[in-house]
Every structure is written in structure tokens, then in C-alpha cells.
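J.: Once you've had a glance at the structure underneath, I'll fire off some questions.
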Amino acid sequence: MGHCLKQTVTCVITDESTGVSVEATNRCSVGDATVCPRVTLGCASGEGYENCGPPVHAEVAAIADAKRLGMSLDTARVYGHTYICGPCDLALKTAGVKRMFIHGKEIAR
């Protein structure tokens, strides 16, 4: 499973009590492709994800890594995108993330 070929999104989750952070990026199964299949097929933004193989969003990957390390999931920072999709927002809330930032700007929780 490699990183997304179209748009790399990174999520950094920090345990504020220890200062420990984990970082994860979005991933998908694109084999040995060098160009995003969605670009090759001319898909509109937000469409054609079925051509990427099973995706893993950066937020979900960072949550899993933080939980494996036994971290408190206090703050999440997302880079590379302008919004958080509904399923990732729900995952972050369910995981207990208290503060969320997109490109350095705090968003209401």
C-alpha cells in the first residue's frame, strides 16, 4: 500500500501531556502506478475512489498508530487538504480528539 498519488494528506496527532506525536499519511493500493488512476480517468474531485483500491485516510491511520502507542489523543493537525471528511471527523471525535487544526487554523469541534 503506497501513498496517494494525487493529493498527500498528513495527520499529526499529539498527546499534549507528553509532547509525543504520531504522523500518518493517506494511502491506497495503486500497484506500481506513477499517476493517480482518478487523474488518468478524468474523475471529478471527490469521485472515482473505487479505482484507487482500498484507501486509508491519514486521520484513521494516525488514530490507529496513536492507540497502538497508548497515547492520549488530544490534538490533531491535518495538512494537505482543506477539510475533514465526515467519517474521519467522526473517527477523531470518537477517539477523543479535543482540538483539531487544518493548515494551522483551529476548527470548531
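J.: So who's got an amide H within less than 5 Å of the one on I102, skipping anything under 5 residues away but keeping other chains? H placed 1.01 Å off N, in plane.
T.: Here the answer is V78, I107, since their amide H atoms fall under 5 Å of that of I102.
J.: What are the ³J(HN,Hα) values, in whole Hz, obtained from phi via the Karplus relation 6.51 cos²θ - 1.76 cosθ + 1.60 with θ = phi - 60°, for each residue of region 33-40 in sequence order, with x given for Gly and Pro?
T.: Working through the residues one at a time gives 5, 10, 10, 4, x, 5, 5, 4 Hz.
J.: Further question: Just how far, in whole angstrom, is region 4-25 from region 83-109 if you go by their alpha carbon centroids?
T.: The distance from the Cα centre of region 83-109 to that of region 4-25 comes to 12 Å.
J.: Apply the Karplus parameterisation 6.51 cos²θ - 1.76 cosθ + 1.60, with θ equal to phi minus 60°, to every residue of region 52-60 and state each ³J(HN,Hα) to the nearest whole Hz, in sequence, with x for glycine and proline.
T.: For region 52-60, the Karplus curve yields 9, x, x, x, 10, 6, 4, 4, 5 Hz.
J.: Here is a follow-up. Quick check on the exposure proxy: order I13, I102 from fewest to most C-beta atoms within 10 angstrom.
T.: Ranked by crowding around the Cβ, least crowded first: I102, I13.
J.: In addition: Looking at region 1-84, which chymotrypsin sites (Phe, Trp or Tyr not before Pro) are DSSP coil and have at most 16 other C-beta atoms within 10 Å of their C-beta?
T.: Y83
J.: Non-local amide H neighbours of E16 (under 5 Å, H modeled in plane, Pro and chain starts lacking H): which ones?
T.: Amide H to amide H, under 5 Å and 5 or more residues apart or across chains, E16 pairs with D74, T75.
J.: How about K93: which lysines have a C-alpha closer than 16 Å to its C-alpha, ignoring those fewer than 8 places off in the same chain?
T.: K93 reaches K67.
J.: Here's another thing I want to ask about it. Can you give the translational diffusion coefficient of region 34-79 in µm²/s, computed by Stokes-Einstein from the Kirkwood radius over Cα pairs at 20 °C and 1.002 mPa s?
T.: In µm²/s, the coefficient is 166.
J.: Let's see if you can work this out: charge +1 on each Lys and Arg Cβ, -1 on each Asp and Glu Cβ, no other charges. What is the dipole magnitude of region 2-107 about its Cα centre, in debye to the nearest 20?
T.: 80
Only the coordinates and a few stated rules stand behind these numbers; no lab work does. Note that the structure is a prediction, hence the values are computed from the model and not measured. Heads up, the Cβs are rebuilt from the backbone with ideal geometry, glycines too, and the neighbour counts pull from every protein chain shown.
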